[in-house]
Amino acid sequence: MEFLDLPQLISAGGTVRLPGSKSISNRVLLLAALADGETEVRDLLASDDTERMLDALEALGVGVEALGGEDWRIKGCDGKFPVRQAELFLGNAGTAFRPLTAALALAGGDYILKGVARMHERPIGDLVDGLRQLGADVTYLANDGFPPLHLKSATIRAGGTVQVRGDVSSQFLTGLLMALPLTGETATVDVIGELISKPYIEITLAIMARFGVQVQREGWQRFTVPAGSRYVSPGTVYVEGDASSASYFLALGAIGGGPVRVEGVGRDSIQGDVRFAEALAQMGGEIEMGPNWMAARAPKSGLAAVDFDCNHIPDAAMTLATTALFAKGTTTLRNIASWRVKETDRIAAMAIELRKLGAVVEEGEDFIRVTPVELKPAAIDTYDDHRMAMCFSLAAFGTPLRINDPKCVAKTFPGYFERFAGVTQAAPVIAIDGPSASGKGTVAARVAAALGFAYLDSGALYRLTALAAQRAGVDWADEERVAAIAAALDVEFLENEIRLGGQLVGDAIRTEAMSAGASKVAALPAVREALLFRQRTFNTKPGLVGDGRDMGSVIFPHAPLKVFLTASAEVRAERRYKQLIEKGLSANLADLLLDLQQRDERDSQRSVAPLRQEHDAKLLDTTGLTIEQAVDQVLVWSREALK
């Protein structure tokens, strides 16, 4: 599985231009296809969901033309799809699957609609029941109430009243409303029970009006499409920036200092998720807003917990769950039952992943309650759910973490993590690499002390792994078992000592035997993979100085300062000889020199992370330098790199 490791963040600030709204994009595409005339759609979201809709429209014979960038031309079919028989694959795009189901069920053709496995677990029975009330012929191809579906030509009973439940997904009502103008007769939809996600219905009504269909409504319980309604192209439609995506960056500003400004959506938006700003303001976030922009910064006294009804911001509410990790007190998010039927069961998934970070979580059928604690590093699973990946990125303000399957953000925001990096500042790393006995450990430790940074002795982790394997009776060449030991290594770096399983092991790992063992286990790919994330978890604020042989090449390839510290083999052998003699250990200078030369050869030739100077690393040859001179030089470079 692919992953993305995030260091601990120390601040956020800047401006982000948002991608287009997924909800608006797919509604506009479908209505443009159903309309009379050609529509130019500007600033369309480029994502998996919109690609599925565009592919489906093309398969149905609709004219689809890319104009460059995020602009498209759609040639409408005036309610009559040219292709009358087709099989459509719609991935996990609910904003494509539900409305297309309704439109095609009333269109008089023969169609099969399929998706990914998760789409086949997302309920659609209430929409199908409503369509059957109109006479539509819809067959479930697997489990009743769920996709895939077979839609057949049928005699549609124009007019009358259709009933649909409102407490599972607002997309059912959206699909019906968008399809009913195809009948040409007056049709009324009565909503049974409480209508959730009302702002998404407002989006639907606004876009239908943009295409010439005015829906009459009585509160949130009855909606009427007048006879003679038909879609007519408005010519050009601009897609607003995605308000749900805005929530992540507004939260960044409220947690990380800010201000973070988002452009493309603001006070004049038709999207309900702009009200996320209200929830953030209740937590103490300082919010500013213009017609098409919003900005947030952190309150001086810190964020406070809230008890919040999230019916009007079902998607953006997920961002509140991770923002709660940085609020004082227990945050309760209510009226979120729709989370259960999204790309994954988001209430269950959110609870599992928040607990991994150490939070105290209580979940119910339609609520989640989050109490923050000191966060701990964790690998976050994303369940093929774009919003899980994006909202959990906020947790990096409390701890380094790993996001598994980060590319799932392509569903709505393919460039999310690039934009995220552009408005956040990570705890800096100074990576010091070099051959054995070059003095890099001593230099790194002193630089860390001078800067007040944490210190990571990468070589010690491999020595610790070798020692732990030896104590467990595991051969250093047994890659699988050594990797398992490395992954579970219980290590603690203190100011002047190292503990393994709670025991002091500083001297035990510095023997020549453990040096040889470290070199052997470090050559095992599975061991290096096991220790990769462990080393990255040391990248906490205010910063880290790490030394090793692949700090700048593999562990921290984006470190703002990389140093390759070396010295001649003869000088390194003399240094090692003096260290051993001072500790009262026997040593032979000639043997030490030969061992270092052999180790250099082995480390430079190994297939995994060979020892080398990176192209962007500064070379520091300490052959003729004292430790103090070497430390001073690295500090000079650090002031230049970290300013």
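Return the residue satisfying two criteria in turn: it lies in the stretch 537-566 and is part of a loop (DSSP other than H, G, I, E, B) and of a type in the set (Lys, Arg), and of such residues it is most open to solvent (accessible area, probe 1.4 Å). Taking the candidates together, the pick is Lys541.
Of all residues in the stretch 491-525, exactly one satisfies the criterion of being assigned to a loop (DSSP other than H, G, I, E, B), at pLDDT 85 or above and open to solvent by 60 Å² or more (accessible area, probe 1.4 Å), namely Asp507.
Any idea how many residues of the stretch 354-390 are under 16 Å from Ala410 (Cβ atoms) and touching a residue at least 60 places away in the same chain (Cβ under 8 Å)? I'd like the intermediate steps shown before the answer.
Keep residues of the stretch 354-390 that are under 16 Å from Ala410 (Cβ atoms), which gives 382-390.
Add one more test, that the residue is touching a residue at least 60 places away in the same chain (Cβ under 8 Å), and what stays is 384, 387-388, 390.
Of the residues in that region, 4 qualify.
Taking the stretch 166-180 as the range and being within 32 Å of the chain's Cα centre (by Cα) and either hydroxyl-bearing (Ser, Thr, Tyr) or closer than 14 Å to Gln221 by Cβ (or both) as the test, the residues that pass are Gly166, Asp167, Ser169, Ser170, Leu173, Thr174.
Any chance you could count how many residues in the stretch 479-490 are open to solvent by 50 Å² or more (accessible area, probe 1.4 Å) and either of a type outside the set (Gly, Ala, Ser) or touching a residue at least 40 places away in the same chain (Cβ under 8 Å) (or both)?
Let us first name the residues in the stretch 479-490 that are open to solvent by 50 Å² or more (accessible area, probe 1.4 Å), namely 479-481, 484, 487-488, 490.
With the extra rule that they be either of a type outside the set (Gly, Ala, Ser) or touching a residue at least 40 places away in the same chain (Cβ under 8 Å) (or both), the set shrinks to 479-481, 484, 487, 490.
So the answer is 6.
Of Gln85, Gln133, all but one fail to be of a type in the set (S, T, N, Q) and within 21 Å of Asp55 (Cα to Cα); the exception is Gln85. Highlighted here are the strands (runs of 3 or more DSSP E) found entirely within the stretch 390-476 that include at least 2 residues which are open to solvent by less than 20 Å² (accessible area, probe 1.4 Å): 401-404, 429-433, 454-457.
Tell me the residue from Thr412, Thr322, Thr382 that is at pLDDT below 95 and of a type outside the set (A, V, I, L, M), please. Explain how you work it out, then say what you get.
On the way: Thr322 fails: at pLDDT below 95; Thr382 fails: at pLDDT below 95.
One residue alone meets the criteria, Thr412.
Take the conditions in contact with a Leu (Cβ under 6 Å, 6 or more places away or on another chain), surrounded by fewer than 21 Cβ atoms within 10 Å (Cβ to Cβ) and of a type outside the set (A, V, I, L, M, F, W, C) and apply them to Arg534. Does it pass? Judged against the criteria, Arg534 is not a match.
What strands (runs of 3 or more DSSP E) completely inside the stretch 175-253 contain at least 2 residues that are within 18 Å of Leu44 (Cβ to Cβ)? Break it down stepwise before answering.
Values: elements: 187-192, 216-218, 222-225, 236-238.
Counting at least 2 such residues, we get 236-238.
Checking the structure you have, find out if any residue of the stretch 249-257 is within 22 Å of Trp339 (Cα to Cα), within 38 Å of the chain's Cα centre (by Cα), buried (at least 16 other Cβ atoms within 10 Å of the Cβ) and not aliphatic (A, V, I, L, M). Steps first, answer last, please.
Narrowing the stretch 249-257 to residues within 22 Å of Trp339 (Cα to Cα): 249-251.
If we keep only those that are within 38 Å of the chain's Cα centre (by Cα) too, we end up with 249-251.
Checking the rest, the ones that are also buried (at least 16 other Cβ atoms within 10 Å of the Cβ) come to 249-251.
Applying the additional criterion that residues be not aliphatic (A, V, I, L, M) yields 249.
Looking for residues that are within 22 Å of Trp339 (Cα to Cα), within 38 Å of the chain's Cα centre (by Cα), buried (at least 16 other Cβ atoms within 10 Å of the Cβ) and not aliphatic (A, V, I, L, M), one finds at least one in the stretch 249-257, hence yes.
No other residue among Ala324, Ala277, Ala349, Ala337 is in contact (Cβ under 8 Å) with a residue 40 or more places away in the chain, small (Gly, Ala, Ser) and open to solvent by less than 10 Å² (accessible area, probe 1.4 Å) apart from Ala324. Checking each residue in the stretch 148-173 for being open to solvent by less than 40 Å² (accessible area, probe 1.4 Å) and farther than 20 Å from Arg346 by Cβ picks out Pro148, Leu149, His150, Leu151, Ala154, Gly159, Val162, Val164, Leu173.
Only one entry of Ser21, Ser11 meets the criterion of being at pLDDT below 95, of a type in the set (S, T, N, Q) and either touching a Gly at 6+ places or on another chain (Cβ under 9 Å) or open to solvent by less than 40 Å² (accessible area, probe 1.4 Å) (or both), and that entry is Ser21.
Among the residues of the stretch 51-71, those identified as more than 16 Å from Gly20 (Cβ to Cβ) and surrounded by 13 or more Cβ atoms within 10 Å (Cβ to Cβ) are Asp55, Ala56, Leu57, Glu58, Ala59, Leu60, Gly61, Val62, Gly63, Val64. When both residues are 6+ apart or on different chains and their Cβ atoms are under 9 Å apart, which pairs have a first residue that lies in the stretch 93-110 and is without any contact (Cβ under 8 Å) to a residue 12 or more places away in the chain and under 17 Å from Gly125 (Cβ atoms), and a second that is open to solvent by less than 10 Å² (accessible area, probe 1.4 Å) and assigned to a helix (DSSP H, G or I)? Nothing qualifies. Here Leu176 meets each of (1) on the phi > 0 side of the Ramachandran plot; (2) surrounded by 15 or more Cβ atoms within 10 Å (Cβ to Cβ); (3) not aromatic (Phe, Trp, Tyr) with one exception, condition (1).
Go through the stretch 227-236 and give me each residue that's surrounded by fewer than 24 Cβ atoms within 10 Å (Cβ to Cβ) and either within 14 Å of Arg210 (Cα to Cα) or acidic (Asp, Glu) (or both).
So the first thing to find is which residues in the stretch 227-236 are surrounded by fewer than 24 Cβ atoms within 10 Å (Cβ to Cβ), and the list is 227-230, 232-236.
Answer for the stretch 227-236, where residues must be surrounded by fewer than 24 Cβ atoms within 10 Å (Cβ to Cβ) and either within 14 Å of Arg210 (Cα to Cα) or acidic (Asp, Glu) (or both): Ser229, Arg230, Val232, Ser233, Pro234, Gly235, Thr236.
Residues in the stretch 112-137 that are buried (at least 22 other Cβ atoms within 10 Å of the Cβ) and assigned to a strand (DSSP E or B): Leu113 alone.
Taking the criterion of being under 20 Å from Gly459 (Cα atoms), in a loop (DSSP other than H, G, I, E, B) and open to solvent by less than 70 Å² (accessible area, probe 1.4 Å), the residues of the stretch 575-625 that qualify are Arg606, Val608, Ala609, Pro610, Leu611, Glu614, Ala617, Thr622.
The values are calculated or read from the model by the stated rules, or taken from the named source; none is laboratory data. Given the structure is predicted, the values throughout are model-derived calculations rather than measurements. Methodologically, a virtual Cβ is constructed for each residue, glycine included, from the backbone with ideal geometry; neighbour enumeration extends over all protein chains shown. The protein model used for the area step is the full one, side chains on, heavy atoms only, and it has no ligands, DNA or RNA in it. Shrake-Rupley method; radii C 1.70, N 1.55, O 1.52, S 1.80 Å.
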